[in-house]
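Below: the structure, in structure tokens.
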Amino acid sequence: MSATENIRDVIKNLSPLLEESSEVFRELAVFFGEGAKIPVDRKDLSRFLGRKRLYRVIRLHGESYKDCVYQLIDDHPEALEALGMLRYYSAPTGQIRWEEIEAAEIAMGKELTTNAYGWAPDAWTAFDASADNVGSERADNVGSERAGYKLTAILAFDYGD
């Protein structure tokens, strides 16, 4: 059994009502699947898929990773209300420039207040342009007009009572 199949089973077990064909399921399989340049902790998956939660995927394209972060903060204020956020950066071509991702993460930390920046889990990773991840829009866009820097954020919100 491959790591991707295994993670799909784990997602199904933790959240049996989450449709396998859904965008959220596919992006969770990408985030926790193979090819991530920074290993992710699978414990974050169980924390992310908590009880009474709604989920949303936001895909951002920009001229830099930092540009994507500013779009997330400026254009999606609902992200500040999230209980958890998993995100991954995608390189436009070739090698990942780690210093650019670090600058983007620093910008995110500076732009968000301490109260708003309380996501649990709050994790990120990166994929290079050659990564082949099932269910991800990333591989489909390589070579297209929108194949610049990318940030995919998976958000978890409180469902309430």
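Data table
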{"quantity": "Looking only at the stretch 146-161, and only at residues there that are closer than 13 Å to LEU83 by Cα and loosely packed, with under 14 Cβ neighbours inside 10 Å, the one that is modelled with the highest pLDDT", "calculated": "ASP158"}
{"quantity": "Top-ranked residue in the stretch 100-116 [being surrounded by 14 or more Cβ atoms within 10 Å (Cβ to Cβ) and within 24 Å of ARG53 (Cα to Cα); ranked as modelled with the highest pLDDT]", "calculated": "MET108"}
{"quantity": "Residue satisfying condition, being more than 16 Å from LEU155 (Cβ to Cβ) and either of a type outside the set (A, V, I, L, M) or out of contact with any Gly (no Cβ under 6 Å at 6 or more places or on another chain) (or both), within set ASP9, ASP75", "calculated": "ASP9"}
{"quantity": "Options LYS37, LYS43; residue that is touching a Pro at 6+ places or on another chain (Cβ under 9 Å) and surrounded by fewer than 17 Cβ atoms within 10 Å (Cβ to Cβ)", "calculated": "LYS43"}
{"quantity": "Single residue of ARG87, ARG59, ARG97 found to be basic (Lys, Arg) and buried (at least 19 other Cβ atoms within 10 Å of the Cβ)", "calculated": "ARG87"}
{"quantity": "Any hit, the stretch 127-145, residues being of a type in the set (Gly, Ala, Ser), closer than 14 Å to CYS68 by Cα and either modelled with pLDDT of 85 or more or in contact with a strand residue (DSSP E or B) (Cβ under 9 Å, 6 or more places away or on another chain) (or both)", "calculated": "no"}
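The values are calculated or read from the model by the stated rules, or taken from the named source; none is laboratory data. The shown structure was predicted, so the numbers you read here are calculated from the model rather than taken from an experiment. So basically every Cβ, Gly included, is an ideal-geometry build from the backbone, and we count neighbours across all protein chains shown.
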